[in-house]
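See below for the structure under consideration.
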Amino acid sequence: MAILDIFKKKNEVKIKKEAKKLPKVKVTKKAKIKEVKKESASSPDTEKKIAPISTLREKGKITGTAYKILKGVHVTEKATDLAAKNQYTFKIFSNANKTEVKRIVQEIYGIDVLDVKIITIPGKNKRMGKTLGFRPGCKKAIVRIKEGQKIEVMPK
């Protein structure tokens, strides 16, 4: 074991010598730019079509802790049928609750949320031959919005 310690010491000395040869770089702080939000006055009767979460995330329009609550829009046949009843389904993180979901959906889409229902789907055991596995569960939120307002779930 003593032989290995000798090689270790030689490598440490080489690294220290290389570090001394490298020039030092100064790091400067960048100024933070504040964005001003513009609010438009609109009547509740007009339909609002807003881009889905994935495109909003790319454009940087999602602010605050929204990324810690909403994962995205849950698009299935049942979810599209619910859209006719002014109900939209979102995938959410397991630690999110109804009040957070309501606040974030109102903030992102600029609509009036009337009610939120949360569904917790348990994980399931899966088998691939002899190997046993486990599929993780998830959490969904069904959000009911005011009549006449709309969310564009799928981008055109």
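Read the figures in this text as sums done on the coordinates, not as results from a lab. Bear in mind the structure is a predicted one, so any value in this text is a computation, not a measurement. With ideal geometry, Cβ positions are generated from the backbone for all residues, glycine too; neighbour counts draw on all protein chains shown.
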Residue hits (segment 113-149; in a loop (DSSP other than H, G, I, E, B) and over 21 Å from the mean Cα position of the chain (by Cα)) are 129, 130, 146, 147, 148, 149
Inter-residue pairs, beta-carbon under 7 Å, first touching a residue at least 12 places away in the same chain (Cβ under 8 Å) and assigned to a loop (DSSP other than H, G, I, E, B) and in segment 81-96, second of a type in the set (A, V, I, L, M) and surrounded by 15 or more Cβ atoms within 10 Å (Cβ to Cβ), 6+ apart = 86/145; 93/69; 96/69
Using the structure shown, decide if residue 152 is touching a residue at least 24 places away in the same chain (Cβ under 8 Å), of a type outside the set (S, T, N, Q) and in a loop (DSSP other than H, G, I, E, B).
-> yes
